[in-house]
Amino acid sequence: MPEPVPAPSEPAPEAPAPFQPEPPAAPPVDNSPQVEPASSPDAAATQQVPAWQQGASDVQPQPVPWSAQQPDAAVPGVSAGETQVSPGPAPASGAMPGPVPGPADAQAGAPAAEAAPAPDLFNDQPKKKRSTGKTVGIVAAVLAVVAVLCVAGYFVYTTFFSTSPEEIIAADLEEHLSFYEDPETGEGDRLLSEADSVLSGLGAYCYPDDEAYTSWLDETSFEVGDITIAEDGETATATATITHMPLISYVEEYMGETDDAGEEQESELSVTYQRSGSEWSVDSIDLQQAVFDAYLPTDEELILSDVYWYFGDVDSINDEFILGLEAGAGSDLDQLGITAEEFAEAFLDGFNYEVGDVTVDGDVATVDVTITSKSMDEISTEFQNRFTEWASTVDPSTITSEDDLYKQGGQIFLEVTREAEAAERQVELTFTQDSSGVWWMDTASEDDLMGTMGV
């Protein structure tokens, strides 16, 4: 039997050319500034893999129909038995490529699988652990430092740069006092007007002109002293020392009434300041009265001025006494055959007086005065005795006229006066102040004074 002839076999299908993946397209150049992400081991490993290959392990391979399966071919990055996946077009920069459809899907026109969202290389970095306790500690430390700096700054400011209440009050008082020492200001004019009003009530008022007061004011000066803040911080006491010439004697010397202007003296001024917020002020009326009290004569000085005026200057009392005798008893002395000069010299021999303390109690004051003088009462009594004795022994025929009788009486009177002894006598004088501030000696004191002197 003939051997069967084998049927012609179908030509074996040609093996397809091995799959060659296309090289990935170069990503578009991005010229915008790139922010370098924080360095971490995971990020460094990710950055070493091309962007189009990142996430390939997460892509599930699409099944390929049997008819489309091809023999395995060595494809870089694909192991034997795995389905080959076309890389497809390269993804845009910064995005992970999605799954690529196989050839069967492309032939069937199946839609491509939806791409998975690509991880953000910059924002999806591992979060750093927040240290809340450490942050709170740092904030507390900063606040403590700020508080210390604030306290230190306040101390420096108040110590070296700020103006203290004492400085504010001292500057204000100095400004006020400078106004009172300027006769061209309203304050200075009021001070000089008050000065003339005070002196006009004196017995020795000499009617000074404006230049006398202005000259006196030019000689004055002041210095602000201690400023004491009260414990409650609401009030303060400010003091100043006023240096000036005594107004009464200065004006009298300026007007030519005396030769002595007196000695420079100091007086203290004290006023109270009130606080309102950050401001300090003094009541203008209280300040004015304090200035008047410090610059102008005190009650004691005014009373003493009247006492000295009343008694006069011991060195010049002889001349004043003579003038008084001539004006009031000149004709009587002429009848007695003696002169005013002769009687004054005899009567004032040993005369002196000393003014003691002045005590002021409201509007009443008393002054102790010690007077050394001859007593007119004693002289008159002795004169009568001697004249009567003489008259009883005289020969009437020797008296030729009444005028001779008076002349003989005058000689006896002058002789008794010269022989009288001066003695000390105490007297208390009382002064009363009227509503205008003028001090007057009581009428009763004047009578006591005259009686003490025997006038």
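As for segment 418-440, it holds no residue that is of a type in the set (Gly, Ala, Ser), modelled with pLDDT under 95, more than 17 Å from Tyr308 (Cα to Cα) and assigned to a helix (DSSP H, G or I).
Can you find even one residue in segment 375-396 that is free of Cβ contacts under 8 Å to residues at least 24 places away in the same chain and not in a helix (DSSP H, G or I)? Yes, because at least one residue in segment 375-396 is free of Cβ contacts under 8 Å to residues at least 24 places away in the same chain and not in a helix (DSSP H, G or I). For segment 250-270, give me each residue that is buried (at least 18 other Cβ atoms within 10 Å of the Cβ) and under 22 Å from Glu223 (Cα atoms). Residues satisfying the conditions are Tyr250, Leu269. In segment 337-366, the residues that are part of a strand (DSSP E or B) form Cβ pairs under 6 Å with partners that are of a type in the set (Phe, Trp, Tyr), at six or more places apart or across chains, as follows: Tyr353/Phe311; Ala365/Phe431. Checking each residue in segment 422-448 for being surrounded by 13 or more Cβ atoms within 10 Å (Cβ to Cβ), among the aliphatic types (A, V, I, L, M) and under 55 Å from the mean Cα position of the chain (by Cα) picks out Val427, Leu429, Val438, Met441.
Checking each residue of segment 412-421 against the condition of being surrounded by 15 or more Cβ atoms within 10 Å (Cβ to Cβ), under 60 Å from the mean Cα position of the chain (by Cα) and of a type in the set (A, V, I, L, M, F, W, C) gives no match.
Of the residues making up segment 271-298, those that are surrounded by 14 or more Cβ atoms within 10 Å (Cβ to Cβ) and closer than 21 Å to Leu192 by Cα are Val271, Leu287, Gln288, Ala290, Val291, Phe292, Asp293, Ala294, Tyr295, Leu296, Pro297.
The values are calculated or read from the model by the stated rules, or taken from the named source; none is laboratory data. Owing to the predicted nature of the structure, the values given are computational and were not obtained by experimental measurement. No Cβ is skipped: glycine too gets one built from the backbone with ideal geometry, and neighbour counts run over all protein chains shown.
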